[in-house]
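A.B. asks: Below are the structure tokens for one structure; questions will follow.
The values are calculated or read from the model by the stated rules, or taken from the named source; none is laboratory data. Since this is a predicted model, take the numbers as computed values, not measurements. Quick reminder, even Gly has a Cβ in these numbers, built from the backbone with ideal geometry, and neighbours come from all protein chains shown. The accessibility values were calculated without ligands, DNA or RNA, using every heavy atom of the protein model including side chains. Shrake-Rupley method; radii C 1.70, N 1.55, O 1.52, S 1.80 Å.
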Amino acid sequence: MGEEGAEGTVHLLCLAASSGVPLFCRSSRGGAHARQQLPFSVIGSLNGVHMFGQNLEVQLSSARTEDTIVVWKSFHDSITLIVLSSEEGTSELRLERLLQMVFGAMVLLVGLEELTNICNVERLKKELRASYRLIDSFLGDSELIGDLTQCVDCVVPPEGSLLQEAVSGFAEAAGTAFVSLVVSGRVVTATESWWRLGMPEAVLLPWLVGSLPPQAARDYPVYLPHGSPTVPHRLLTLTLLPDLELCLLCGPRPPLSQLDAQLLERWWQPLLDLLRTCLPLGPRALPAGFPLHTDILGLLLLHLELKRCLFTVEPSRDKEPSPEHRRRLLRSFYTLVTATHFPPGQRRAQCPLCIGWDTESRLTQGVKPGQPEKVEAAAHRAQVPRACYLVSGAEEPGTGWRLVALQLGPRLLLLLLSAQSPTYGLRGLATHTLHALTPLL
């Protein structure tokens, strides 16, 4: 399994579908923004082959060379997005979801009407500049994972019920039903109406707040790609503490001036100490002192029905690999198991079968080498597995890492474990960890 995001280049192209005129090109190298631009001849060729297929009623969605993957996607027959990636371990699933998030970001900040009825290309280019910061954050090495999982990045505060009461009371006092508390782009708590926001705005709004430069307050016009793509709303943000912001989604009212210091002090001053405990939750996600096995180096927990996730690579920071490396491993493992064994929307059979891969990527299904395959095992192949694992570095004891995925009901847990964790205990450790995390999400 390659490591997504390892040294490589990503080029993102946006073109007007009817004319082929480039609207913007954004690039990253090694996870950092790059100014490198593709030659116009290359852009024209990539768009031309896509249009040629459309004229023949052939949908060209992706192509692969020895070191690069190219993915095309058209939106509303008006915008064409093309992404080229030479990053090691990247996948078509990752790039397809990247394009969905990019178009969602464009709608969020420009509106669908401007993108589907292009009257003035130059004006649209200028308007799209407002989305560059958000789009560039998708191309870089982010600490978030909602762009890939299409679930809201969340954290678990130590006193969630108190914060929930404060958010609900503040929302009523401010005159809006959509309020959330966000730390470093992750949702700490929110009102019921905020949680009911559709995709992709539920992921995009906190991500946008986390990508903007620090400000005491903002009044930001946004469109909701799913809920209101043509009529703008207002995103109000109020900074309570550094990296901890209160977000309100509303219409013409209330004015920002109405959310004065007196209203903030009434609801949040009594909880100041509790708010301070939320600041480290950005990268950690879990409350301080939450018991995790010492072999766990990182975890990703998804609630597939609520569309929320917990993602952290903070456990055992004194061990290798680095946090950046851990994030790449978990992202790559997520794309692997999602594309092969846990496809979205497919009914999960409650099958006790555990599937694993060794270092040579040979698939084993509970059948020992040389043993004839049983009828039951053959029948299980048609079912979606409930668990899988990947072992790296087995040829050298004590090196590499272990990756395990386990699904129970609507929850999917991915763990990155140290090499000291024995293979025979992976499923038991994952099951115990999932049961411990279940009350949190």
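A.B. asks: Return the single residue from Arg328, Arg97, Arg64 with maximal mean-square fluctuation; model: Gaussian network over the chain, springs between Cα atoms under 10 Å.
C.D. replies: Arg64
A.B. asks: By how many nm would the segment from Ala261 to Glu113 lengthen if fully extended, with 0.36 nm per residue of separation less the alpha-carbon distance?
C.D. replies: This chain segment gains 49.6 nm when fully extended.
A.B. asks: Take Glu96, project a point 7 Å from its Cα along the Cβ direction, then tell me which residues of segment 109-153 have their backbone nitrogen under 19 Å from it.
C.D. replies: In segment 109-153, the label zone of Glu96 (backbone N under 19 Å from the point 7 Å along Cα→Cβ) covers 146-151.
A.B. asks: Can you tell me the relative contact order of segment 10-140? Whole percent, Cα pairs under 8 Å, sequence separation 6 or more.
C.D. replies: Values: 177 pairs, mean separation 36.2, N = 131.
Over segment 10-140, the number comes to 28 percent.
A.B. asks: Before anything else, pin down the relative contact order of the chain: Cα pairs under 8 Å, at least 6 apart, normalised by residue count, whole percent.
C.D. replies: Relative contact order, the chain: 12 percent.
A.B. asks: List every DSSP H helix in the chain whose Cα atoms extend 18 Å or more along the helix's own long axis and whose mean Kyte-Doolittle hydropathy is at least 0.0.
C.D. replies: On the way: long enough: 40-55 (22 Å, 0.48); 92-110 (27 Å, 1.26); 160-174 (21 Å, 0.59); 323-340 (26 Å, -0.57).
The answer, listed by residue number, is 40-55, 92-110, 160-174.
A.B. asks: Continuing with the same structure: Okay, helix-only estimate at 222 nm for the chain: each DSSP H run of n ≥ 4 adds -39500 (n - 2.57), divide by all residues, round to 500 deg cm²/dmol; what do you get?
C.D. replies: Helix-only estimate at 222 nm: -9500 deg cm²/dmol.
A.B. asks: At 7 Å along Cα-to-Cβ for each site, give me the label-to-label distance between Leu306 and Arg276 in nm.
C.D. replies: Taking the simple label geometry, Leu306 and Arg276 are separated by 2.8 nm.
A.B. asks: Moving on. So if R0 is 41 Å, what FRET efficiency would Leu56 and Leu408 give, r being the distance between their Cβ atoms, rounded to the nearest 0.05? Please list the in-between numbers first.
C.D. replies: On the way: r = 46 Å, r/R0 = 1.13.
Efficiency computed from Cβ-Cβ geometry: 0.35.
A.B. asks: Also, quick follow-up: If Lys and Arg each add +1 and Asp and Glu each add -1, what is the summed charge of the other residues whose beta carbon sits under 14 Å from the beta carbon of Ile118?
C.D. replies: Working: positive: Arg123, Lys125, Lys126; negative: Asp77, Glu113, Glu114, Glu122, Glu127.
Surrounding charge for Ile118 is -2.
A.B. asks: Sticking with this structure for a sec: Quick one: what Rg and Dmax do you get for segment 157-284 from the alpha carbons, in Å?
C.D. replies: 13.6, 41
A.B. asks: Would you mind counting up the charge near Val183? Only other residues with Cβ under 9 Å from its Cβ, with Lys and Arg at +1 and Asp and Glu at -1.
C.D. replies: Every neighbour counted, the sum reads -1.
A.B. asks: Measuring from centroid to centroid over Cα atoms, what is the spacing of segment 181-204 and segment 276-290 in Å?
C.D. replies: One Cα centre to the other: 18 Å.
A.B. asks: Could you tell me the center-to-center distance, by alpha carbons, between segment 129-170 and segment 299-321 in angstrom?
C.D. replies: 14 Å
A.B. asks: To continue, here is another question. If you take every residue apart from Arg253 with its C-beta less than 13 Å away from the C-beta of Arg253, what net charge results, scoring Lys and Arg +1 and Asp and Glu -1?
C.D. replies: The answer is 0.
A.B. asks: Also: Between Arg133 and Tyr424, what's the calculated FRET efficiency when r is the beta-carbon distance and R0 is 45 Å? Round to 0.05.
C.D. replies: Numbers: r = 47 Å, r/R0 = 1.05.
With a Förster radius of 45 Å, E is 0.45.
A.B. asks: So what is the accessible area of the chain per residue, in Å², with the probe set to 1.4 Å? Provide the component values of the computation, followed by the final result.
C.D. replies: On the way: 19920 Å² over 441 residues.
Roughly 45 Å² per residue, with all protein chains present.
A.B. asks: Then there is this: Expressed as a fraction of 2.2 N^0.38 Å, the rule-of-thumb size for a compact globular protein of N residues, what is the C-alpha radius of gyration of the chain? Working shown, then result.
C.D. replies: Details: Rg = 23.0 Å, N = 441, 2.2 N^0.38 = 22.2 Å.
Compactness ratio reported: 1.03.
A.B. asks: So for segment 232-314, averaging the separation of alpha carbon pairs under 8 Å that are six or more residues apart and normalising by length, what relative contact order in percent results?
C.D. replies: 20 percent
A.B. asks: Cα convex hull of segment 10-140: how many Å³ per residue?
C.D. replies: With only Cα atoms used, segment 10-140 gives 104 Å³ per residue.
A.B. asks: Summarise the accessible area of the chain (1.4 Å probe, protein heavy atoms) by the percent that is carbon and sulfur.
C.D. replies: Details: 10430 of 19920 Å².
For the chain, the apolar C and S fraction of the accessible surface comes to 52 percent.
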